[in-house]
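Let me give you the structure first, and then I'll get to my questions.
Each value in this text was obtained by applying a stated rule to the coordinates, not by laboratory testing. Keep in mind it's a predicted model, so treat the numbers as computed, not measured. Cβ: placed from backbone, ideal geometry, glycine included. Neighbour counts: every protein chain shown.
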Amino acid sequence: MFRKILVANRGEIALRIIYACKELGIKTVAVFSEADRHALHVRFADEAICIGPPKSSDSYLNIPNIISTAELSNVDAIHPGYGFLSESAYFAEVCEASRIKFIGPSSEAIRLMGDKARARSEMNRIGLPVLPGSADSIHTDKEAIATAEAIGYPVIIKAVAGGGGRGMRVVHSRNELLSSLKTAQAEAASAFGAPQCYIEKFIERARHIEFQVMADEHGNAIHLGERECSIQRRHQKLIEEAPSVIMTPELRAEVGCRVVQAIKKTGYSNVGTLEFLVDEKRQFYFMEMNTRIQVEHPVTELVTGIDLIRDQILIAAGDRLPHRQEDIQFRGHALECRINAEDPVTHRPSPGKITSWYSPGGPGVRVDTAAHAEYVVPPHYDSLIAKLIVHGSTRDEAIRRMDRALEMFVLEGVKCTIPLHRQILHNSAFRKGNIYTKFLEHLQEPRVRAVEMA
Amino acid sequence: MNLKELKEIIDIVTSNESIEELEIEKSGVRLRIRRSSNHVGSVSTASVASIAASPTITSAPAPSKVLAEIEELFYIKSPIVGTFYTAPNPDSEPFVSVGDMVEKGSVLCIIEAMKLMNEIESEVAGEIVSVLVENGQPVEYGERLFAIRPR
């Protein structure tokens, strides 16, 4: 077992990792930028070292300083959290070379899954259905037109190195195809440094459903069921839940079994998530695999009763999977609302000082956050300030619980997404579970127009 | 530190005879205030004249003569996380010691990070006032290594 772990992250996930380490009796080393000197992860870790100025490229992404810190503080392992270096194959490789355990899969697995086009063809080869589309990146206009015709419109153009919605374009007809492709390639080049894009079928009312998996380094793998993350804005998840309203135990077992087979074949270890688009006929199409712990992992923790971060650390230390598939049971319903420091209508970031703060409690409520009264939300990092997660015996109970928790959440000084969450929760289509990835876009359209006209 | 704060500090020293000397260091500014008279509490005959000269008989408090000295120090900060070494190897003399004059670009120390020895150069010319880290100690990003009195 590890004696000491360096937490290469900030905010709520850094704290979440520190909780797990404390419960396992593992010492922690926090790293921080000059903007986070007074942050809670710095306060609660056993040691803390400043690794750079506020800009993340000079601090939380500064591999030499993080590795130096790991060596100076003599840690056995690094937990990368999510974002930052969590899916950097290069960083995992540097850790491997420095004989520091990277808490995650191997650098090869990260590299394979990081190349979205290669990951899709590989997963398709070993038995997961993928959306019809170009197997590889598109090089010529002729190729683009032929591919789109073969798939049938509408199609979506995506960056090979993409993620987070950048470099994506939906195309409804041949007229828009080439100009959209050029825009997508330009966006991809500036956002990811690689212009390559691919084309695939676009599903009009698709759900985003993902499967949580866990695999040890001895060839064992299980799945922990699904999370539905269809409530998104610009491909950024806002509300996640488990189970999905369209799921049945039979369908879960069927898709879960294929997912487990696939990751066993790739030799994957540690935790991971396979994301699927699901059409109205409940057909699952593999989109991509995230090779890290995810923001929305608590939703799975609440319905399965499993501590994912703890297990992630145990697996990285070489332990066998602590659970068998037949032991995994799904109880009740969990929801997570991401409370971001941003304008609920325009989604513009709203950094600044939190002047007043109360986070709700009571039965079935969990708040994962590193914010507090007088905390200053720095402008340098993402806008997530709290994850409000609830558990109820039914979806309806979970929604009511979430609604009262949102009502009782006091957060003043910065604008946040609480009013938007309440609006979604009160929407009758949401209550019925009629959700899809464009739900929020359609819900907000009239409001945005009204604001523009005013 | 603004003039108002400076005046207040001087007032504290002048109104409190038990303060002989005060030195404050705050955000790159070092302030030293010292009484020009000898120890007030001492009864050495040599100081009698100066004590007698102070108007102790009058009720109004009279300020003693105070010497204020303000200086701007420049701090060399660590640009990386690593281990601080004052000399190129254990058998060598340190690159610099307190009192040494350095030029801009002079090597001040080495910081070892990921098995690489990084020479840290002075950003200013001046006199080394203090070495703030001990040889062989780990340093974090932005940690102060040397205080230099710029020339």
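Per residue of A:64-75, how many C-beta atoms from partner chains lie within 10 Å of its own C-beta, taken as a mean?
The per-residue average across the peptide is 5.
While we're here: For the stretch A:311-447, what is the Kirkwood hydrodynamic radius in Å, using each pair of distinct C-alpha atoms?
Final number for the Kirkwood radius of the stretch A:311-447 is 16.9 Å.
OK, next. Determine one quarter of the surface area of the Cα convex hull of the stretch B:74-150, which equals its mean projected area, and express it in nm² to one decimal.
That works out to 4.3 nm², a quarter of the Cα hull's surface.
At 7 Å along Cα-to-Cβ for each site, give me the label-to-label distance between residue B:124 and residue B:101 in nm.
1.7
Further, regarding this structure: What percent do you get for the relative contact order of chain A when only Cα pairs under 8 Å and 6+ apart count?
14
Assuming a viscosity of 1.002 mPa s and a temperature of 20 °C, what translational diffusion coefficient in µm² per second does Stokes-Einstein assign to the stretch A:207-453, Rh being the Kirkwood radius over Cα pairs?
Stokes-Einstein gives a translational diffusion coefficient of 114 µm²/s.
At R0 = 22 Å, how high is the FRET efficiency between residue A:22 and residue A:1 if r is their beta carbon distance? Nearest 0.05 is fine.
That pair, residue A:22 with residue A:1, gives E of 0.95.
Volume per residue, Å³, of the convex hull around the alpha-carbon atoms of the stretch A:97-150?
102
Something else: Tell me, how many Å apart are the Cα centres for the stretch A:335-379 and for the stretch A:381-445?
Cα centroid of the stretch A:335-379 versus Cα centroid of the stretch A:381-445: 13 Å apart.
Also, quick follow-up: Determine, for A:265, A:27, the number of other Cβ atoms within 10 Å of each Cβ, and report the residues in order from fewest to most.
Going from sparsest to densest Cβ surroundings: A:265, A:27.
What's log10 of I(q)/I(0) for the stretch A:64-185 at q = 0.19 Å⁻¹, Debye sum over Cα points only, no solvent?
Result of the Debye calculation: -0.99.
Quick one: compute a quarter of the convex hull surface over the Cα atoms of the stretch A:4-103 and quote it in nm².
About 5.2 nm², averaged over all directions.
Could you give me the radius of gyration and the Dmax of the stretch A:210-339, taking only the C-alpha atoms into account and expressing both in angstrom?
13.9, 42
Test of understanding: ordering A:58, A:115, A:311, A:327 by Cβ neighbours within 10 Å, fewest first, what list do you get?
A:327, A:58, A:115, A:311
Short version: what are the Cα gyration tensor semi-axes of the stretch A:290-380, square root of 5 times each eigenvalue, largest first, in whole Å?
Ellipsoid semi-axes (Å, largest first): 32, 17, 13.
Taking chain A on its own, what percent of its Cα-Cα pair distances exceed 35 Å?
29
Regarding the stretch A:304-347, what are the three Cα extents along the principal axes, ordered largest first, in Å?
Over the stretch A:304-347, Cα extents along the principal axes are 47, 28, 11 Å.
Enter the Cα centre distance for the pair the stretch A:193-263 and the stretch A:1-71, rounded to the nearest angstrom.
29
Compute the FRET efficiency between residue A:356 and residue A:139 as 1/(1 + (r/R0)^6), taking r as their Cβ-Cβ distance and R0 = 41 Å, and round to the nearest 0.05.
0.15
Hey, another quick one. So what is the 222 nm mean residue ellipticity for chain A from helices alone, if each DSSP H run of at least 4 adds -39500 (n - 2.57) and you divide by all residues, rounding to the nearest 500 deg cm²/dmol?
So the calculated ellipticity at 222 nm is -11000 deg cm²/dmol.
Compute and list, largest first, the equivalent-ellipsoid semi-axes of the stretch A:163-211 from the alpha carbon gyration tensor, each √(5λ) rounded to a whole angstrom.
They are 20, 17, 7 Å, listed largest first.
Using a simple spin-label model with points 7 Å from Cα along the Cα→Cβ vector, what separation in nm is obtained for residue A:204 and residue A:55?
Taking the simple label geometry, residue A:204 and residue A:55 are separated by 4.7 nm.
State the percent of C-alpha pairs, over all pairs in the stretch A:146-191, separated by a distance greater than 12 angstrom.
56
Please give the charge dipole size of the protein assembly as shown, origin at the Cα centre, charges +1 on K and R Cβ atoms and -1 on D and E Cβ atoms. Round to the nearest 20 debye.
In total the dipole reaches around 1800 debye.
Let me ask you something else. According to a simple spin-label model (label point 7 Å from Cα along Cα-to-Cβ), what is the distance in nm between residue A:343 and residue B:11?
Going by the 7 Å Cα→Cβ label model, 4.7 nm.
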